[in-house]
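Here the structure is laid out as structure tokens; the discussion comes afterwards.
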Amino acid sequence: MRVLLVEDSEELVALLKKGLTQGGFLADAVGTAADADHALSAMRYAAVVLDRGLPDADGLSLLRDLRRRGDSTPVLVLTARDGVSDRVTGLREGADDYLAKPFAMEELIARLQALLRRSDNLLGRQLTFGNVALDTEGRQVSVAGVVRPFPARETAVLEILLRRSGNVAPKRLFEDHLFGLSGDVGSNAVEVYVHRLRKMLADAGATVKVHTVRGVGYLLSEDKTA
Amino acid sequence: MRRFRSILGRVVALHVVAVGVISVLMPLALYWLLNEAANGLHRDSLMGQAVTVSGYLRPQANGGVAFDIPAEMRALYTGSYGLYAYAVIDPAGKVVFSSRNDGTALFPPGETHPGDWTMRRRSTGSVLFGVTVPRTIDDRTYQVQVGQDLSHRDVIIDDIVASFFPNVMWITFPLLLALLLIDILIFRRALAPVRDASTTAAAIGPTRTEVRLPEGGLPSEILPLVHAVNAALDRLEKGFRAQRDFTADMAHELRTPLTIIRARVDSLDPGPLRDALRADLENMTRVVNQVLDIAELESFVVGNARADLQAVCADAVALMAPLAVAQSKTIALGGVEHPVWVHGHAEALFRAVRNLVENAIRHTPADGSIEVEVLDGGIVRVLDDGPGVAEAERDTIFRRFWRRDRTKPESRGLGLAIVARVAETHEGRVAVENRPTGGAAFTLTLKPAETEGQSPERQP
């Protein structure tokens, strides 16, 4: 999985390359927007990690050019600014995700993996969290290596939670996925499936728990005591 | 001039005084002029009479004079209702002809000179006004006096003068009033750009710095003032921009080394040292971020943006939920479920709510709960299960670097200062009180958005 790292600090590039390699990526690094332009036209990358503060241009102008050319390579923007008035700008310019400096290496890897999963299913079909795994093609759930027969709706709920693992998945997302646009969603329909899933996971001895964030959505967390 | 604060008021007041004075002076002046003209007509007429009368003097063979006045003329001079009177005086001062029954002169002969105008009050009380003209016959100069009783002056001319005064009042007063009204309209029109500029100036608040007063169409007397105000606003905005640039540079300078340290620490072998360093770095990062937020908010301008407070709170709760769950605390979003549009910058409001939630999580014990409530009218309430806030601390808690417990190294007191600053920049307010059940209730009140259809965020 080859990604392009556009970052001008050599020290950071060395460290990030090392971290990305450990995370299963191959990283090419360039230090300027011009070099990034060359690299992107010469080769197809799975994703781009783009710093906003480049010596020759704002990273966002590079992103704009990329999108104008119709290139839809997923881009993760890094920024040292993250000011009140900067935060939303990057996403609006066509960035797929946004990470404020300083960040944890694990976070960068996780976000990149999420980006690739979202774009082309380039990364494996296996979603895992704690001792729970889901084969998104075969629709098969396994807990601690044992395959469990979960019904389709509960599996769909679990998939959404796994894709967002560590973050809250909004309730609306479940409604859209489970019931499509047909509407007619009972106000507690999602809650019913979440409740069943919770029980199934507990019965199967899963180390993950589904938390309700009332008014917002659901959150999968690893229960370290279990 | 304290009574008349507005230029228009002053102009109208002075104008009313001027109209009053003119409406008295102008008829008086016109009356005087008309009277002069009438008198002139009288004199011309008397002089004409005198010349005509003197034309009737004819030299006689005996060296005397005869006076052949036609009968139709004589009627003018005789009788008690005769308009005019005449007397002819010879060089010796003797009255030779007179229209009067007693044959006396109109004016004492010694007192009059040819060409003189004379006025004499008679015993009957009427006033006789007349002229004396010379007439030379055979080297003897006679004086011809012609006079008129002023109480029987020419009726037509006198009528004009007498009726002039009320008429002139009827005409001039409405005209002057109309002029006054027209002037008020003219001044109102002339001052309209000034009023517009004032309205624009009133819209310049702490949330907007890009507004300038319109300089077009302003009277040249007021333009320098408006220009000076705009120049001051330019300098102010430049100062704000310099502050923003500085904050952005500072963010880069502080975060780049932190990123390198973080990446270096992450590449260390797992162990207690790495975990400790990570925790230290996370605290350091939090403080740096808060300091940068505070610095940016110093020169932050909300602009004309509006934000959905419900969505902002949902985002903030979603972001903080993993932290709460990791500490075995529950968090929920309550209140209304429809969009609540407020005047504000979504990201700034997000940071305010996030800091309130972060503060609530920190002070809520394990197994406690945090509730965020969004209410119509632009109100957010963040309720926690913590110890609450003592009455004496309810103001100081929003100050920078204020800490309830100075022994806890990780709780720098910038979070609530950020909330207070965001509230201030949004012309809103934040307050804290204790819940009946214990625990603190923070209330952030914002201004509801007035209109629909504005851009949800302002580009920097």
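Among the residues of segment B:32-74, which ones are over 60 Å from the mean Cα position of the chain (by Cα), exposed (fewer than 13 other Cβ atoms within 10 Å of the Cβ) and part of a helix (DSSP H, G or I)?
Matches in segment B:32-74: B:48, B:55, B:71, B:72.
Any residue at all in segment B:419-430 that's modelled with pLDDT of 90 or more, in a strand (DSSP E or B) and either crowded, with 16+ Cβ neighbours inside 10 Å or out of contact with any Gly (no Cβ under 9 Å at 6 or more places or on another chain) (or both)?
yes
Contact list please: Cβ distance under 7 Å, first residue in segment B:22-43 and within 20 Å of residue B:146 (Cα to Cα), second residue assigned to a helix (DSSP H, G or I), pairs at least six apart or on different chains.
If the second residue must be assigned to a helix (DSSP H, G or I), the pairs left are B:38/B:157; B:38/B:161; B:41/B:157.
May I ask you to list the residues in segment B:330-357 that are surrounded by fewer than 24 Cβ atoms within 10 Å (Cβ to Cβ), in a loop (DSSP other than H, G, I, E, B) and within 12 Å of chain A (Cβ to nearest Cβ)?
Those that are surrounded by fewer than 24 Cβ atoms within 10 Å (Cβ to Cβ), in a loop (DSSP other than H, G, I, E, B) and within 12 Å of chain A (Cβ to nearest Cβ): B:336, B:337.
For segment A:58-78, which residues satisfy the criterion of being in a loop (DSSP other than H, G, I, E, B) and of a type in the set (Gly, Ala, Ser)?
Correct list: A:70, A:72.
Looking at B:265, B:325 in this structure, which one is free of Cβ contacts under 8 Å to residues at least 60 places away in the same chain, assigned to a helix (DSSP H, G or I), in contact with a strand residue (DSSP E or B) (Cβ under 9 Å, 6 or more places away or on another chain) and farther than 27 Å from residue B:399 by Cα?
Numbers: B:265 fails: in contact with a strand residue (DSSP E or B) (Cβ under 9 Å, 6 or more places away or on another chain).
Result: B:325 is the single residue among B:265, B:325 that is free of Cβ contacts under 8 Å to residues at least 60 places away in the same chain, assigned to a helix (DSSP H, G or I), in contact with a strand residue (DSSP E or B) (Cβ under 9 Å, 6 or more places away or on another chain) and farther than 27 Å from residue B:399 by Cα.
Would you point out the residue of segment A:41-57, among those that are within 14 Å of chain B (Cβ to nearest Cβ) and in a strand (DSSP E or B), that is modelled with the highest pLDDT?
Pass one, segment A:41-57, residues within 14 Å of chain B (Cβ to nearest Cβ): A:49, A:51-55.
Right, trim to in a strand (DSSP E or B) and you get A:49, A:51, A:53.
On the way: A:49: 94, A:51: 91, A:53: 83.
The selected residue is A:49.
Checking residue B:401 against (1) in a loop (DSSP other than H, G, I, E, B); (2) outside the structural domain of residue B:432 (by TED's automatic domain parsing), which single condition isn't satisfied?
(2)
For segment A:132-171, give me the residue count where each residue is part of a strand (DSSP E or B), closer than 15 Å to residue A:197 by Cβ and in contact with a Lys or Arg (Cβ under 7 Å, 6 or more places away or on another chain).
Of the residues in segment A:132-171, 2 are part of a strand (DSSP E or B), closer than 15 Å to residue A:197 by Cβ and in contact with a Lys or Arg (Cβ under 7 Å, 6 or more places away or on another chain).
Within the bounds of segment A:89-97, is there any residue that is buried (at least 17 other Cβ atoms within 10 Å of the Cβ), at pLDDT 80 or above, within 14 Å of chain B (Cβ to nearest Cβ) and under 30 Å from residue B:280 (Cβ atoms)?
No, that holds for no residue.
Is segment A:79-92 home to any residue that is closer than 26 Å to residue B:299 by Cβ, assigned to a loop (DSSP other than H, G, I, E, B) and acidic (Asp, Glu)?
So far as segment A:79-92 goes, yes, one or more of its residues are closer than 26 Å to residue B:299 by Cβ, assigned to a loop (DSSP other than H, G, I, E, B) and acidic (Asp, Glu).
Using the structure shown, decide if residue A:224 is modelled with pLDDT of 90 or more, within 14 Å of chain B (Cβ to nearest Cβ) and over 26 Å from residue B:311 (Cβ atoms).
no
Say whether the condition of being modelled with pLDDT under 80, among the small types (Gly, Ala, Ser) and out of contact with any Asp or Glu (no Cβ under 9 Å at 6 or more places or on another chain) is met by at least one residue in segment B:205-216.
So far as segment B:205-216 goes, yes, one or more of its residues are modelled with pLDDT under 80, among the small types (Gly, Ala, Ser) and out of contact with any Asp or Glu (no Cβ under 9 Å at 6 or more places or on another chain).
Checking residue B:360 against (1) at the interface with another protein chain (Cβ under 10 Å from one of its Cβ atoms); (2) part of a helix (DSSP H, G or I), only one condition comes out false. Which one?
(1)
One line per residue, one yes/no per condition, for (1) β-branched (Val, Ile, Thr); (2) assigned by TED's automatic domain parsing to the domain that holds residue B:168:
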position: B:31; (1), (2): no, yes
position: B:65; (1), (2): yes, no
position: B:70; (1), (2): no, no
position: B:91; (1), (2): no, no
position: B:103; (1), (2): no, no
position: B:108; (1), (2): no, no
position: B:119; (1), (2): no, no
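Among the listed residues B:277, B:281, B:309, which satisfies the condition of being within 8 Å of chain A (Cβ to nearest Cβ) and either in contact with a helix residue (DSSP H, G or I) (Cβ under 6 Å, 6 or more places away or on another chain) or in contact (Cβ under 8 Å) with a residue 60 or more places away in the chain (or both)?
B:281
Looking only at segment B:206-260, count how many residues are in a loop (DSSP other than H, G, I, E, B) and either under 30 Å from residue A:8 (Cβ atoms) or within 14 Å of chain A (Cβ to nearest Cβ) (or both). Explain how you work it out, then say what you get.
As a first pass, look at segment B:206-260 and keep what is in a loop (DSSP other than H, G, I, E, B): B:206-222.
From the residues that got through so far, the ones that are either under 30 Å from residue A:8 (Cβ atoms) or within 14 Å of chain A (Cβ to nearest Cβ) (or both) too are B:207, B:209-210.
Adding up the residues that qualify gives 3.
I need the full set of residues from segment B:284-306 which are facing another protein chain (nearest Cβ under 8 Å), more than 22 Å from residue A:105 (Cα to Cα) and part of a helix (DSSP H, G or I), in order please.
First, the residues of segment B:284-306 that are facing another protein chain (nearest Cβ under 8 Å): B:285, B:289, B:292-293, B:296-297, B:300.
Subsequent filtering for residues that are more than 22 Å from residue A:105 (Cα to Cα) retains B:292-293, B:296-297, B:300.
Hits for segment B:284-306 are B:292, B:293, B:296, B:297.
Table: residues versus (1) surrounded by fewer than 18 Cβ atoms within 10 Å (Cβ to Cβ); (2) within 22 Å of residue B:63 (Cα to Cα); (3) in contact (Cβ under 8 Å) with a residue 60 or more places away in the chain; (4) not hydroxyl-bearing (Ser, Thr, Tyr).
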site	(1), (2), (3), (4)
B:99	no, no, no, no
B:108	yes, no, no, yes
B:119	yes, no, no, yes
B:132	no, no, yes, no
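Any idea how many residues of segment A:14-30 are under 15 Å from residue A:48 (Cα atoms), facing chain B (nearest Cβ under 10 Å) and surrounded by fewer than 17 Cβ atoms within 10 Å (Cβ to Cβ)?
Looking only at that region, the number is 0.
The values are calculated or read from the model by the stated rules, or taken from the named source; none is laboratory data. Since the model is a prediction, treat every value here as computed from it, not as a measurement. Virtual Cβ from ideal backbone geometry, glycine too; neighbours counted across all protein chains shown.
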